[in-house]
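Quick notes on the structure that follows.
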Amino acid sequence: MQNVNECEDQNSNPCVGICINTKGSYNCTCPTGSSGDGRKDGGGCVSDTIKREKFPILSVTLGTSFALLFVIVASSWLYLFVKKRKLIKLKQKFFQQNGGFLLMQQIHSNEGGGDTSKIFTAKELKLATNNYDKNLILGRGGFGTVYKGTLPGDRIVAIKKSEKVDPTQVEEFINEVVLLAQINHRNVMKLLGCCLETEVPLLVYEYICNGTLFQHIHSNNGVSSISFHSRLRIAAETASALAYLHSAAAIPIIHRDIKSANILLDKNYTAKVADFGASRLIPLEQTELSTKVLGTRGYLDPEYHYTGQLTDKSDFYSFGALIVELLTAKKPFSSNRPEEQINLAQYFVSLMGENRLLELLDTRVVNEGTQKEITAVAELAKRCLNLTGEERPTMRKVADVLESFRKVDARAWVRQPNSVTFAKLPSEPKDLYLVPLISSTAVDSEQYSSGTEQQFQ
């Protein structure tokens, strides 16, 4: 019987590998490196190399994923690092730009010489105000926004975002910060420190809880919540603070924006002069400065407005307008009033000349004040409102006169309802005496060494 070679005919064998002919049959084997029985129905020949190729794909995929994750994490870390570095550099730039190094020199040079400014970090104040939450805004003004803040230890402060400091006036700004931080007067809002790490400097003040004098005079119901004698006390305290700033401070300070909105009241309704954003220091050898005119309509000194020459007398005029506001409970400026009444101070003076002031006074003033008290205070306001600065009284004398009212026994005043008249004093300032207006019981013997005849100078 003839042997048939099945390997020669692929159709006669199921081999997928190597076919080896045998007598009467054949064998199927796989090449070296392969596995299987070599038959089509037995799984065929599978290369180990092919098997191994499946595993590197998974390995490469996992490796690539981990590498990508590493790149992402590293990039994020690098981004945050660079961002933090930029923020630090920016803070350093602002700190230097706003005079931080100069302030530090001032603080070190003043060590042991009383209270000094504290330099707060931007992070501290951001935390204190809950990232400057709008719900913590205490007020807004022409020189900044004030936030209520809470420092560690639950100390409540007022944090003011001031206007951007003029780079050419950095030294002056720092001098003011240092000086104001050293002011220790019970009727001046205390400056605790500042932060210079932001583009706009932040000032930190003591927190005054009872709002502004303006809010209490001009309440929503149209009736002032402050009695006449409380108004006199607040006026006396404000005058005392201004007298201190003008003459007792290391360098005289002109506030330049005295108004009821800048007089704060604490829990005992004690007056605190605030907002020194427009203030200027007066070098000891000078009596006036040429400055850009700043102020609030109704309180602004006309002489300063027209000449640009700032003196302490400019604060006197503003204080006179404040007294008028206290006497009348009307806003110093309102375009809603008749033309002749738009500027309250000018209208006040004109009515005094016509002996018609009674019709302008607040009801509580008329009902609670005495004729002599009201007359004296009105005349005092008129003198402060003199259009010529040199003819205005000194703030020290104004403070002494107002303080004298607080020491008067109420029984010493004779109440004359509905008969308030306003005595006119001599026109020359050097001849101004208080004898016709204030009785001897109104004088504090410790403050007035020459008795009742105290002269304005």
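The values are calculated or read from the model by the stated rules, or taken from the named source; none is laboratory data. Keep in mind the model is a prediction, meaning the values are calculated, not measured. Glycine also receives a Cβ, built like all others from the backbone with ideal geometry; neighbour counts cover every protein chain displayed. These accessible areas exclude ligands, DNA and RNA; they are computed on the full protein's heavy atoms, side chains included. Shrake-Rupley method; radii C 1.70, N 1.55, O 1.52, S 1.80 Å.
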Run the 1.4 Å probe and let me know the accessible area of His229, rounded to the nearest 10 Å². 90 Å²
On the formula 1/(1 + (r/R0)^6), with r taken between the Cβ atoms of Tyr132 and Phe81 and R0 of 25 Å, the FRET efficiency rounded to 0.05 is 0.45
With label points built 7 Å along Cα→Cβ from the Cα atoms of Ile18 and Glu390, find their separation and express it in nm. 12.9 nm
Evaluate the Kirkwood expression for the hydrodynamic radius of the stretch 304-409, namely the inverse of the mean inverse distance over all pairs of different C-alpha atoms, and round to one decimal in Å. 14.5 Å
In Å, what is the Rg of the alpha-carbon atoms in the stretch 180-268, and how long is Dmax? 14.9, 45
